[in-house]
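**Student:** The following block contains the structure, expressed as structure tokens.
The values are calculated or read from the model by the stated rules, or taken from the named source; none is laboratory data. Everything quoted here is computed from the prediction, not taken from an experiment. Methodologically, a virtual Cβ is constructed for each residue, glycine included, from the backbone with ideal geometry; neighbour enumeration extends over all protein chains shown.
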């Protein structure tokens with residue numbers, strides 16, 4: 001009985017750390033949107049990804065933290081937290097590394113090829129690219145790892161979030177399907193990279 005206590009304590013500590021990290025993430029996103037609304041009048045959104053513009057390169061790192069309005073942020077908040085939790089189940093380090101790869105590669109793809117099918121300029125903002133990246137990551141991890149746990153999670157994600165795949169296509173005006181598509185592809189790449197390089201997510 002006593003031998004189980006360190007394991008339970010470690011599990012409780014890890015769970016608490018995950019909740020705290022996700023809480024900080026959510027608070028940060030909402031704080032940024034509130035400040036943008038009250039102080040800047042929505043002008044921070046101009047710092048999103050502007051395809052093929054040198055100034056738009058900053059958006060690769062900033063776009064996931066910017067949203068068009070509170071409705072946009074609300075729509076992204078729950079799937080972002082839920083999918084982050086599933087990615088974190090392996091480890092917090094896995095989530096951090098996957099997030100960095102997804103944000104960078106997905107943002108770079110959007111910057112390079114975004115807006116090619118739409119006339120005029122476009123600015124891509126929002127965490128939805130990262131959300132689609134997590135979906136791609138969890139599906140990719142199921143394929144590359146092929147363990148019962150990873151496959152079970154992948155099947156659950158496929159069933160639960162399968163309807164999101166419509167977002168990979170230009171079906172709705174004003175929706176950055178490019179960030180969805182490149183985020184999803186980047187998530188699959190992240191799953192492969194982390195599976196092939198376990199030292200990247202090792203604590204040693």
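**Student:** For residues in the range 166-180 being in a helix (DSSP H, G or I) and in contact (Cβ under 8 Å) with a residue 60 or more places away in the chain, which is nearest to residue 116 (Cα to Cα)?
**Tutor:** Of everything passing the filter in the range 166-180, 178 is nearest to residue 116 (Cα to Cα).
**Student:** Would you say residue 83 is touching a helix residue (DSSP H, G or I) at 6+ places or on another chain (Cβ under 8 Å), surrounded by fewer than 22 Cβ atoms within 10 Å (Cβ to Cβ), at pLDDT 95 or above and part of a helix (DSSP H, G or I)?
**Tutor:** Here the answer is no, as residue 83 does not meet what is asked.
**Student:** Taking the range 46-57 on its own, how many of its residues are in a helix (DSSP H, G or I) and crowded, with 20+ Cβ neighbours inside 10 Å?
**Tutor:** Qualifying residue count, the range 46-57: 1.
**Student:** Among the residues of the range 145-174, which ones are under 16 Å from the mean Cα position of the chain (by Cα) and loosely packed, with under 14 Cβ neighbours inside 10 Å?
**Tutor:** Within the range 145-174, just 165 meets the criteria.
**Student:** Quick check: anything in the range 2-14 in a helix (DSSP H, G or I) and surrounded by 12 or more Cβ atoms within 10 Å (Cβ to Cβ)? Explain how you work it out, then say what you get.
**Tutor:** From the range 2-14, those in a helix (DSSP H, G or I) are 4-14; that's our starting set.
Narrowing the set further to residues that are surrounded by 12 or more Cβ atoms within 10 Å (Cβ to Cβ) leaves 14.
Within the range 2-14, one or more residues are in a helix (DSSP H, G or I) and surrounded by 12 or more Cβ atoms within 10 Å (Cβ to Cβ).
**Student:** Please state which one of 60, 35 is touching a strand residue (DSSP E or B) at 6+ places or on another chain (Cβ under 7 Å), modelled with pLDDT of 95 or more and in a helix (DSSP H, G or I).
**Tutor:** Sole residue among the options that is touching a strand residue (DSSP E or B) at 6+ places or on another chain (Cβ under 7 Å), modelled with pLDDT of 95 or more and in a helix (DSSP H, G or I): 60.
Yes or no, residue by residue, for (1) at positive phi; (2) touching a helix residue (DSSP H, G or I) at 6+ places or on another chain (Cβ under 6 Å); (3) touching a residue at least 24 places away in the same chain (Cβ under 8 Å):
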| residue | (1), (2), (3) |
| --- | --- |
| 99 | no, no, yes |
| 107 | no, yes, yes |
| 127 | no, yes, yes |
| 137 | no, yes, yes |
| 147 | no, no, no |
| 152 | no, no, no |
| 185 | no, no, yes |
| 191 | no, yes, yes |
